[in-house]
Amino acid sequence: MIIPRKGLQEIRKLLEGSSGTIEMAVEGSQFILKGGSTLLMIRLIEGKYPNYNQLIPKNMKRQVIVSKELLTSSLRRVSLLANQKSKSVTLTLNPGLMQISSNNPEMGDAKEELEVNYKGEEMKIGFNAKYLLEILNSIHDTEIRIDLNDQLSPGLIRPGQDSDYTCVVMPMRI
């Protein structure tokens, strides 16, 4: 079943505010939760869930390991000057170094450099900073592993120690 994002947020609120038993049921296209005196009904998204395994690239050529805290704070700062529509940032990878940059003709440029564990060839790839920040906020580890092939292929972002948790992010043309 596919639960809408807003519904998941309401479920989280219900679970955080409840210390008792929560009852769950699926009735047709409704997901129903009951906790204490609260009854929550969420309309499920219709349709079949796609085979996500087909979307996860295999045999990645490049791997970057970086501090989650450093990457998050740099992305936040650099994205302030990114184009407001696309939120595009460019990651330039060199051995031991990642440069994060954004360019907005109306406001100017921003660049930051981070030390990373990377041993491959130089590579530039563009991403939507908002998507990267959402992924980083969902990971509860101190290190992040980014697996890449080339500037047009999807990237994989994982916690440094957990290969079971995988986020796929599509690049932007730069």
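The values are calculated or read from the model by the stated rules, or taken from the named source; none is laboratory data. As the structure is a computational prediction, the values presented were derived from the model and not from experiment. Every residue, glycine among them, receives a Cβ derived from its backbone with ideal geometry; neighbour counts consider all protein chains shown.
Quick rundown of the values:
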item	result
First in segment 142-155 and without any contact (Cβ under 8 Å) to a residue 60 or more places away in the chain, second anywhere and acidic (Asp, Glu), Cβ under 7 Å, 6 or more apart	155/147
When residues of segment 88-138 are limited to those that are of a type in the set (D, E, K, R), outside any strand (DSSP E or B) and touching a Ser or Thr at 6+ places or on another chain (Cβ under 8 Å), the one surrounded by the most Cβ atoms within 10 Å (Cβ to Cβ)	130
Given (1) assigned to a helix (DSSP H, G or I); (2) of a type in the set (A, V, I, L, M); (3) not assigned by TED's automatic domain parsing to the domain that holds residue 139, number of the condition residue 39 does not satisfy	(1)
Criterion violated by residue 31 - all others in (1) over 30 Å from residue 112 (Cβ atoms); (2) assigned by TED's automatic domain parsing to the domain that holds residue 96 satisfied	(2)
Whichever residue in segment 45-58 is free of Cβ contacts under 8 Å to residues at least 60 places away in the same chain and outside any helix (DSSP H, G or I) and, among such residues, is surrounded by the most Cβ atoms within 10 Å (Cβ to Cβ)	45
Considering residues of segment 1-25 that are β-branched (Val, Ile, Thr) and in contact (Cβ under 8 Å) with a residue 24 or more places away in the chain only, the residue surrounded by the most Cβ atoms within 10 Å (Cβ to Cβ)	11
Search result, residues across segment 69-97 that are within 19 Å of residue 151 (Cβ to Cβ) and out of contact with any helix residue (DSSP H, G or I) (no Cβ under 8 Å at 6 or more places or on another chain)	83, 86, 90, 91, 92, 93, 94, 95, 97
Qualifying residue in segment 36-54 (condition: over 20 Å from the mean Cα position of the chain (by Cα) and of a type in the set (Phe, Trp, Tyr))	no
Residue selected from segment 26-36 under the condition assigned to a strand (DSSP E or B) and not basic (Lys, Arg), by the criterion surrounded by the fewest Cβ atoms within 10 Å (Cβ to Cβ)	27
Counted residues, segment 68-87 - those being in a loop (DSSP other than H, G, I, E, B) and out of contact with any Pro (no Cβ under 9 Å at 6 or more places or on another chain)	7
Yes/no for residue 161 being within 15 Å of residue 90 (Cα to Cα), at pLDDT below 95 and in a loop (DSSP other than H, G, I, E, B)	no
Residue match in segment 48-59 (condition: of a type in the set (Val, Ile, Thr), in contact with a strand residue (DSSP E or B) (Cβ under 7 Å, 6 or more places away or on another chain) and at pLDDT 90 or above)	no
